[in-house]
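*Asks:* First the structure, which I've put down as structure tokens, then a few questions once you've had a look.
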There are 2 protein chains.
Amino acid sequence: METALVVGYLASVCSVTSFLPQVWKILKTEDMAAISTRMYALTVTGFALWSVFGIMRGEWPIILTNSLCFCLSGVILTKKLRSRR
Amino acid sequence: METALVVGYLASVCSVTSFLPQVWKILKTEDMAAISTRMYALTVTGFALWSVFGIMRGEWPIILTNSLCFCLSGVILTKKLRSRR
């Protein structure tokens, strides 16, 4: 495999691994008090845009990382918005 | 400017903007109790690897976002490691 791709996939593993415990904690405790809706909306939008960027470039490390993080952060944002009702 | 680049820079702005308040809060309060050293080390490594990936691909949105986030998260990790002494 090409060196840049190896670096990309390693980066991908680090990003997803560092993001998962936070997601897991929020989903398990259902405690979303500390989550800023506005900031999280930006996070979700960022992941969505990076995914689009990755698709346009055909870069799989970017697509995989960001679509996965987009789904996870999307779940949290949805739960947060529902909890505010 | 090429469409993919526009998407990339928009993604970049979202990522950095959503990351800054967290960094600012930690640096201002100097309260790093909630920061997991192991997880943050992964975050910092991830940003470093993404920067290398961006440099190898010559993709400026990736380079700018991740090198900036690398520096900011690096400062937090350094402070956290020092506070544990």
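The values are calculated or read from the model by the stated rules, or taken from the named source; none is laboratory data. Because the structure is a prediction, the values reported are computed rather than measured. So basically every Cβ, Gly included, is an ideal-geometry build from the backbone, and we count neighbours across all protein chains shown. Just the protein is used for accessible areas: all its heavy atoms, side chains included, with ligands, DNA and RNA removed. Shrake-Rupley method; radii C 1.70, N 1.55, O 1.52, S 1.80 Å.
*Asks:* Would you pick out the residues in segment A:35-46 that are facing another protein chain (nearest Cβ under 8 Å) and either in a helix (DSSP H, G or I) or in contact (Cβ under 8 Å) with a residue 24 or more places away in the chain (or both)?
*Replies:* Step one: filter segment A:35-46 for residues facing another protein chain (nearest Cβ under 8 Å), giving A:36, A:39-40, A:42-43, A:45-46.
Correct list: A:MET39, A:TYR40, A:LEU42, A:THR43, A:THR45, A:GLY46.
*Asks:* Okay, next question. All but one of (1) more than 11 Å from chain B (Cβ to nearest Cβ); (2) touching a residue at least 12 places away in the same chain (Cβ under 8 Å); (3) over 13 Å from the mean Cα position of the chain (by Cα) hold for A:LEU68; state the number of the condition that does not hold.
*Replies:* Result: A:LEU68 fails condition (3) only.
*Asks:* Can you say whether A:SER83 is surrounded by fewer than 16 Cβ atoms within 10 Å (Cβ to Cβ), of a type in the set (S, T, N, Q), free of Cβ contacts under 8 Å to residues at least 60 places away in the same chain and on the phi < 0 side of the Ramachandran plot, as far as the supplied structure shows? Break it down into steps so the answer makes sense when it comes.
*Replies:* Values: surrounded by fewer than 16 Cβ atoms within 10 Å (Cβ to Cβ): yes; of a type in the set (S, T, N, Q): yes; free of Cβ contacts under 8 Å to residues at least 60 places away in the same chain: yes; on the phi < 0 side of the Ramachandran plot: yes.
When the stated conditions are applied, A:SER83 passes them.
*Asks:* How many residues are touching a helix residue (DSSP H, G or I) at 6+ places or on another chain (Cβ under 8 Å) and not in a helix (DSSP H, G or I) if we restrict to segment A:2-30?
*Replies:* The qualifying residues number 1.
*Asks:* Here's something else I'd like to know. Tell me, please, whether a residue that is of a type in the set (A, V, I, L, M) and more than 19 Å from A:LEU10 (Cα to Cα) can be found in segment A:63-75. Give the derivation first.
*Replies:* We begin by selecting, within segment A:63-75, every residue of a type in the set (A, V, I, L, M); these are A:63-64, A:68, A:72, A:75.
If we keep only those that are more than 19 Å from A:LEU10 (Cα to Cα) too, we end up with A:72, A:75.
Scanning segment A:63-75, I find at least one residue that is of a type in the set (A, V, I, L, M) and more than 19 Å from A:LEU10 (Cα to Cα), so the answer is yes.
*Asks:* Can you pull out the residues in segment A:35-56 that are within 20 Å of B:GLU2 (Cβ to Cβ) and surrounded by 18 or more Cβ atoms within 10 Å (Cβ to Cβ)? If you could, list the steps in order and put the result at the bottom.
*Replies:* Pass one, segment A:35-56, residues within 20 Å of B:GLU2 (Cβ to Cβ): A:46, A:48-56.
Those that are within 20 Å of B:GLU2 (Cβ to Cβ) and surrounded by 18 or more Cβ atoms within 10 Å (Cβ to Cβ): A:GLY46, A:ALA48, A:LEU49, A:TRP50, A:SER51, A:VAL52, A:PHE53, A:GLY54.
*Asks:* Do you know which residues across segment A:57-80 are open to solvent by less than 30 Å² (accessible area, probe 1.4 Å), in contact with a Leu (Cβ under 9 Å, 6 or more places away or on another chain) and farther than 17 Å from B:ASN66 by Cα?
*Replies:* Initially, segment A:57-80 is screened for residues open to solvent by less than 30 Å² (accessible area, probe 1.4 Å), giving A:59, A:61-63, A:65-66, A:69, A:73-74, A:76-77, A:80.
Adding the requirement that they be in contact with a Leu (Cβ under 9 Å, 6 or more places away or on another chain) leaves A:59, A:61, A:66, A:76.
Hit for segment A:57-80 is A:ILE76, nothing else.
*Asks:* Looking only at residues that are surrounded by 18 or more Cβ atoms within 10 Å (Cβ to Cβ) and of a type in the set (A, V, I, L, M) in segment B:11-34, which one is nearest to the other protein chains (Cβ to nearest Cβ)?
*Replies:* Taking segment B:11-34 and keeping what is surrounded by 18 or more Cβ atoms within 10 Å (Cβ to Cβ), we get B:11-12, B:14-16, B:18-19, B:26, B:32.
After this cut, where a residue has to be of a type in the set (A, V, I, L, M) as well, the list is B:11, B:16, B:26, B:32.
Values: B:ALA11: 3, B:VAL16: 9, B:ILE26: 13, B:MET32: 15 Å.
Among those that are surrounded by 18 or more Cβ atoms within 10 Å (Cβ to Cβ) and of a type in the set (A, V, I, L, M), it is B:ALA11.
*Asks:* Moving on to the next point. Going by the conditions given, is B:ILE62 of a type outside the set (D, E, K, R) and assigned to a helix (DSSP H, G or I)?
*Replies:* Spelling it out, B:ILE62 is indeed of a type outside the set (D, E, K, R) and assigned to a helix (DSSP H, G or I).
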